[in-house]
Amino acid sequence: MKKIGELLVEQGKISERDVERTLLAQAEMGGVFGQVLVKLGLVSEADVAAALSGQLAIPLQTAADYPETPVRLEDVADDFLVSNAVVPVAAGEREVRFAATMPQDPFLSKALAMALDRPVSIVLGLESDINRALQLYLQGQEEGDEEAAGDDQFGGQSDDEFIEHLKDLASEAPVIRLVNQMIHRAVDMGASDIHIEPFEDGLHLRYRVDGVLQDYPDPPAGNLSAAIASRIKLLSQMNIAERRLPQDGRIMTRVKGHEIDLRVSTIPTVHGESIVMRVLDRESIRLALPTMGFSEDTLTRYQSLLERPHGVLLVTGPTGSGKTTTLYASLASLDAESLKIITVEDPVEYQLQGVNQIQVQSQIELSFARALRAILRQDPDIIMIGEMRDTETAQIGVQSALTGHLVLSTLHTNTAASAITRLEDMGIERYLITSSVNGVLAQRLVRTLCRQCRVEHQVGRDYIVQTGLRRYVAGDSCTLFKAAGCAACNHTGYAGRTGIHELFVLDGEMHRVIMSGADATLLHAAARRQGMVTLYEDGLRKVVQGLTSIEEVLRVTQDQNDEESSPVPLAVDIEPADMPAINPVSA
């Protein structure tokens, strides 16, 4: 019988060198050879399963073969199913069929046959499919007894006993497996956040994918709710006995060959602790400005601002709009070997080669302002401030720009022009703003249409005029695309995200308008007369190119549209500098 490694090499899935690397990793971390291959990211789980199925001559259970309604078995404990990654898929009069990740394990078949007192057969299943089936199986179990036991499971215990009991719960195999499944699933889905929320009817699990929350079948309720919270708190170095106060922590792990950094936050709620884990995949971040959705004209002007020797360059937008990633990509485009670059961040999300990065630590009073004052004595060329949160930080940033440094930072405003009035609200005089600020980039992230299922639709002249597409379309009709939904995009119609941008450059004319005391609305209108493309209009350009839909652009620019009294009058009444029409891209 050929080994799994040999079969995969013959199939061209891996090389001999990959086999050697996997054997070394297996010797260090243990586990089955095929599972180690998957963890290292060398092959997919499906490839290993197909090879194993051929090697063992055991049928492979596909995702479509699992029953929609779970097969209930009274004689097999739930913990046994979860800890051994096995789930019933069919029950007949003569035998019961199970799917397992390790069907060749003789203990498994013997234990199940003894528990059921009848013959069993075990087929091979993908770990992800079995985990999904187990979720459905456990979800349908009666929870009354578990909830009753959960109400008094900690009763009569001392503090030390209570902590030890929590640690014991968090160390059980089913809990470890469930938490690992949550993290692995987040990586598979490309999720940015994992939300674990306790409610009266049980524990709810949601993932934020491409900026939108998606529900997932709930994890088991009852005793496992406290165990899951304890497991995550143990991994993130939190106090597991403290359930009344918010806590923050961090988990560093490796999933399928990816270095994953999880930022964990817990808050107490009525029904237990709500946990959110921010997923930072160090290897998936794009640190190249041309790949971040910039339109060609906007990118050229933005790069020219980065090349200036001094001044303030701000990136604005709400939380989750990609501001920090844009700043990282901006720093990565600069020559760190010939320039002294120092950053002050809270937290340091990604480590950059050749860049000195400082982590803000409030517990020892290392704030943005205190770190900035120290940085100026380090002879920097470029300073990045994670966020201008207060007056002192803003003042030091402006003074740094006036004394010959290029300062990059973020600010929470809806439009680029409103960053000027925000700085004024923070105590920066307008003459200092015109002397120091070079430009402001407002940014949003829009979901891109799934290329496999997007649907063409024709729009006419009235629609083109009403939505402001006239400047980007030649003719009285054009072909746009809208979301449909398929298995590849989890039936959302979208896969991935790209940026839309609004670049406000402070030139001589804008200095005059700012010094005249204009508010954010007048500044925005003046910038448009100077040729600034708004977020909505940049989104329209990507709609015409077939990258996204008009509904998605409206969703993410709604705050701007509200301030501007809808996008249509602006698109018609205030015309920026003439721009060439863009022809639609065919499917």
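Taking the condition of being open to solvent by 20 Å² or more (accessible area, probe 1.4 Å) and in a strand (DSSP E or B), how many residues in the stretch 116-137 meet it? Result for the stretch 116-137: 3. The set of residues from the stretch 198-213 being open to solvent by 30 Å² or more (accessible area, probe 1.4 Å) and assigned to a strand (DSSP E or B) comprises PHE199, HIS204, ARG206, ARG208, VAL212, LEU213. Reported count of residues in the stretch 379-409, each being farther than 16 Å from ILE358 by Cβ and touching an Asp or Glu at 6+ places or on another chain (Cβ under 8 Å), is 1. Residues in the stretch 39-56 that are touching a residue at least 60 places away in the same chain (Cβ under 8 Å) and not in a helix (DSSP H, G or I): LEU40, GLY41, LEU42. Whether a residue is among the aliphatic types (A, V, I, L, M) and either surrounded by 14 or more Cβ atoms within 10 Å (Cβ to Cβ) or over 32 Å from the mean Cα position of the chain (by Cα) (or both) was assessed, and ALA64 does not pass this test.
Checking the condition part of a helix (DSSP H, G or I) and either surrounded by fewer than 19 Cβ atoms within 10 Å (Cβ to Cβ) or over 28 Å from the mean Cα position of the chain (by Cα) (or both), which residue from LEU299, LEU339, LEU331, LEU327 passes? Before the answer, list the steps.
Working: LEU339 fails: part of a helix (DSSP H, G or I); LEU331 fails: either surrounded by fewer than 19 Cβ atoms within 10 Å (Cβ to Cβ) or over 28 Å from the mean Cα position of the chain (by Cα) (or both); LEU327 fails: either surrounded by fewer than 19 Cβ atoms within 10 Å (Cβ to Cβ) or over 28 Å from the mean Cα position of the chain (by Cα) (or both).
Sole residue among the options that is part of a helix (DSSP H, G or I) and either surrounded by fewer than 19 Cβ atoms within 10 Å (Cβ to Cβ) or over 28 Å from the mean Cα position of the chain (by Cα) (or both): LEU299.
Scanning the stretch 424-480 for residues that are polar (S, T, N, Q), free of Cβ contacts under 8 Å to residues at least 24 places away in the same chain and assigned to a strand (DSSP E or B) returns a single hit, GLN458. If you go through the stretch 342-392 and keep only what is of a type in the set (Asp, Glu) and part of a helix (DSSP H, G or I), you end up with just GLU392.
Here the condition is being small (Gly, Ala, Ser), assigned to a strand (DSSP E or B), touching a strand residue (DSSP E or B) at 6+ places or on another chain (Cβ under 8 Å) and farther than 19 Å from PRO174 by Cα; of ALA99, ALA113, ALA90, it holds for ALA90 alone.
Every residue, every condition in (1) within 25 Å of TYR302 (Cβ to Cβ); (2) under 32 Å from the mean Cα position of the chain (by Cα); (3) surrounded by 15 or more Cβ atoms within 10 Å (Cβ to Cβ), yes or no:
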{"residue": "LEU352", "(1), (2), (3)": "yes, yes, yes"}
{"residue": "VAL360", "(1), (2), (3)": "no, yes, yes"}
{"residue": "LEU372", "(1), (2), (3)": "yes, yes, yes"}
{"residue": "GLU392", "(1), (2), (3)": "no, yes, yes"}
{"residue": "GLY397", "(1), (2), (3)": "yes, yes, yes"}
{"residue": "HIS405", "(1), (2), (3)": "yes, no, yes"}
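Exactly one residue out of ALA518, ALA488, ALA526 is under 34 Å from the mean Cα position of the chain (by Cα) and more than 17 Å from TYR302 (Cα to Cα): that is ALA488.
The values are calculated or read from the model by the stated rules, or taken from the named source; none is laboratory data. From a predicted model like this one, the values you see are computed outputs, not experimental measurements. Note that we place each Cβ from the backbone using ideal geometry, even for glycine, and neighbour counts take in every protein chain shown. Only protein heavy atoms, including side chains, enter the accessible area calculation; ligands, DNA and RNA are left aside. Shrake-Rupley method; radii C 1.70, N 1.55, O 1.52, S 1.80 Å.
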